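Take a look at the structure below.
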């Protein structure tokens with residue numbers, strides 16, 4: 001894809017919009033709005049199986065990750081610091097700070113998303129040092 005083409009710029013905007021929608025969904029604790037593909041995979045340090053055993057499927061991601069996490073996001077503040085695009089435009093990494101109300105901690109995250117042509121997240125990998133919340 002030519003970097004001067006309208007398609008290139010449209011894809012960059014699509015990737016950014018998906019990442020922003022993800023973080024907006026966290027702010028609002030409205031996880032059903034996260035644009036996951038039905039067969040999405042999620043890797044995160046705090047998921048039941050950790051990063052080496054991803055959750056598979058939109059429903060399992062919601063039931064095993066977001067539903068239990070929802071109370072911790074009460075009063076959350078999220079500041080998106082920047083976006084980094086995969087050279088092939090298959091994905092994006094978004095850097096952000098997430099400040100929890102209880103416990104009162106700020107986490108620095110870099111969440112990686114692989115996004116299909118329809119704007120659905122097919123893979124997600126969260127990079128965060130969980131020691132602030134795990135002790």
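The values are calculated or read from the model by the stated rules, or taken from the named source; none is laboratory data. Model, not experiment: these values are computed from the prediction. FYI the Cβ positions are ideal-geometry reconstructions off the backbone, even for glycines, and counts take in every protein chain you see.
I'd like the residue in segment 39-67 that is free of Cβ contacts under 8 Å to residues at least 24 places away in the same chain and part of a strand (DSSP E or B) and, out of all such residues, is surrounded by the most Cβ atoms within 10 Å (Cβ to Cβ). The residue in question is 55.
The condition of being surrounded by fewer than 16 Cβ atoms within 10 Å (Cβ to Cβ) and at pLDDT below 95 holds for only one of 101, 110, that being 101. I'd like to check something: does segment 100-108 contain any residue that is within 16 Å of residue 12 (Cα to Cα), in a strand (DSSP E or B) and touching a strand residue (DSSP E or B) at 6+ places or on another chain (Cβ under 9 Å)? Scanning segment 100-108 turns up no residue that is within 16 Å of residue 12 (Cα to Cα), in a strand (DSSP E or B) and touching a strand residue (DSSP E or B) at 6+ places or on another chain (Cβ under 9 Å). Answer yes or no: is there a residue in segment 83-98 that is in a strand (DSSP E or B), in contact with a helix residue (DSSP H, G or I) (Cβ under 6 Å, 6 or more places away or on another chain) and either loosely packed, with under 14 Cβ neighbours inside 10 Å or free of Cβ contacts under 8 Å to residues at least 40 places away in the same chain (or both). Scanning segment 83-98 turns up no residue that is in a strand (DSSP E or B), in contact with a helix residue (DSSP H, G or I) (Cβ under 6 Å, 6 or more places away or on another chain) and either loosely packed, with under 14 Cβ neighbours inside 10 Å or free of Cβ contacts under 8 Å to residues at least 40 places away in the same chain (or both). Restricting 70, 10 to residues that are in a helix (DSSP H, G or I), touching a residue at least 40 places away in the same chain (Cβ under 8 Å) and exposed (fewer than 15 other Cβ atoms within 10 Å of the Cβ) narrows the list to 70.
Residue-wise test of (1) touching a strand residue (DSSP E or B) at 6+ places or on another chain (Cβ under 9 Å); (2) under 21 Å from residue 96 (Cβ atoms).
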residue	(1), (2)
13	no, yes
20	yes, yes
24	yes, yes
29	no, yes
32	no, yes
57	yes, no
